[in-house]
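K.L.:
I am attaching a structure below and will ask some questions about it afterwards.
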Amino acid sequence: MFGRLPERVWFAPGRVNLIGEHTDYNDGFVLPFALPHRAVGAAAPATGGRSRVRSVQEPGGAVEFSAASVVPGQVPGWAAYVAGTCWAFREAGYPVGEVELELDSDVPVGAGLSSSAAVECAVGVALAGLAGIDVDPTTLARIARRAENEFVGAPTGGMDQMASMHGRAGRLVFLDTRDDTVELVPFDLPAHGLELLVVDTRAPHAHASGEYGARRADCEAAAAAALRDAGPDDLPRIADERIRRRARHIVTENDRVVETVRLLTGGADPRAIGPLLDASHASMRDDFEITVPHVDVAVEAARAGGATGARMTGGGFGGCVIALVEADAAAAVAASVREAYAQRGWTEPVVFTGTPSDGAGRLA
């Protein structure tokens, strides 16, 4: 693309959230892991006075902007994630030179697997590498989140970027979003004869859309209940029934995350978390109201096919479902979901095994 070899190649992964949905922007707990699916950035200092970036997935050639002066609103579309990271990196007080960057990614777009966070974090580690500076993973995750929130305009929490930066093979990332502390939790399903299936329902969602923002606004309306510290006994004081249900999801979801971590760190059989996954989905469906028919059908079909537990994962209104399954029953569970979709005339879902993998770094 740019007529020369890159200086280095950097990467950052997408993520799947095992449990803990919409709790991240409520100072709560989440439990994601990094996927082997990655955004990869080949980069070098720019030879001219402006940055040029290109995505293999996007037609139309390179997009140009000035990393030294770009501000929100100047770069639209996919390149906003790149320009926004340059802007947030600069705003954090780090040196940002003009860059030539080519991106490639196999993180599914619109599936709730944090394809945008993967791009932001890949760009972040590339900028740090090109500048020859060490920036700790949590700081880079915060820079990437600021790019998403303030430059792109998506009102997401910080889970996606933290999972992309802190992920490790065979580990879950237990994140306390109040202070961004991280604990790595063992998650060796093959040792127990298990797999975690990820079902891309092919029902795309958009975090910048009104429904995601509306749920966040509902949580802000319930903030007087101090959702992170509230318990079920505190909920009756929320007069509005809809806001109370939203708050109940956050309160009970935090409890489910903590219980999942307790079981896994205590050496319990991972099958024990199946009911927690099921309860999480019911809460998202009934109290938070963020599921859609494609998602609910996938969950029901996975359970009918033999899954130990299943739930929607991600921001909702589409995206992916995860299912904890016996390894020797994985094919049957996947077939059950595909058959349920075929009966309804829906596009066949994409099913793969979710494997905890390493977080962002230098590839070459």
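The values are calculated or read from the model by the stated rules, or taken from the named source; none is laboratory data. In this text the structure is predicted, and so the values were computed from the model without any measurement. Cβ atoms come from the backbone with ideal geometry, glycine included; neighbour counts cover every protein chain shown. Heavy atoms of the whole protein, side chains included, go into the accessibility calculation; ligands, DNA and RNA do not. Shrake-Rupley method; radii C 1.70, N 1.55, O 1.52, S 1.80 Å.
K.L.:
Over the range 1-55, what portion of Cα pair distances is larger than 14 Å, expressed as a whole percent?
P.N.:
67
K.L.:
A follow-up question, please. Whenever you get a sec, compute what percent of the accessible area on the chain sits on carbon and sulfur atoms (1.4 Å probe).
P.N.:
Result for the chain: 50 percent of the exposed heavy-atom area is carbon or sulfur.
K.L.:
Show that you can apply the helix-only estimate: for the chain, add -39,500 (n - 2.57) for every DSSP H stretch of four or more residues, divide by all residues, and state [θ] at 222 nm to the nearest 500.
P.N.:
Dividing the helical sum by the residues of the chain leaves -11000 deg cm²/dmol.
K.L.:
Here's a follow-up. Taking the alpha-carbon centroid of each part, what is the distance from the range 142-175 to the range 18-71 in angstrom?
P.N.:
Each part reduced to its Cα centre gives a spacing of 11 Å.
K.L.:
Using a 1.4 Å probe, what is the accessible area per residue for the chain, in Å²?
P.N.:
Ligands and nucleic acids excluded, the figure is 38 Å² per residue.
K.L.:
Relative to the longest principal Cα axis of the chain, at what angle does helix 330-343 sit, 0 to 90 degrees, rounded to 10?
P.N.:
Computed tilt is about 90 degrees.
K.L.:
Can you compute the radius of gyration and Dmax for the range 201-318, using only the Cα atoms, both in Å?
P.N.:
Radius of gyration, then largest Cα-Cα span, for the range 201-318: 15.2, 42 Å.
K.L.:
Once the Cα gyration tensor of the range 291-331 is diagonalised, what are the square roots of 5 times its eigenvalues, in whole Å and ordered largest first, as equivalent ellipsoid semi-axes?
P.N.:
Numbers: eigenvalues 74, 19, 9 Å².
Over the Cα atoms of the range 291-331, the ellipsoid semi-axes are 19, 10, 7 Å.
K.L.:
Using the alpha-carbon atoms, what tilt in degrees (0 to 90, nearest 10) does helix 241-265 show relative to the longest principal axis of the chain?
P.N.:
So the helix axis and the longest Cα principal axis differ by about 90 degrees.
K.L.:
Taking the highest mean first, how do the peptides 24-33, 10-19, 354-363 order by number of other beta carbon atoms within 10 angstrom per residue?
P.N.:
Most protected by this proxy first, the peptides run 10-19, 24-33, 354-363.
K.L.:
Right, another one. Compute the Kirkwood hydrodynamic radius of the range 111-171, taking the inverse of the mean of 1/r over all pairs of distinct Cα atoms, and give it in Å to one decimal.
P.N.:
When all Cα pairs of the range 111-171 are included, the Kirkwood radius is 11.8 Å.
K.L.:
Turning to a different aspect of this structure: Please state the equivalent ellipsoid semi-axes for the chain: what are the square roots of 5 times the Cα gyration tensor eigenvalues, largest first, in whole Å?
P.N.:
Over the Cα atoms of the chain, the semi-axes work out to 34, 23, 19 Å.
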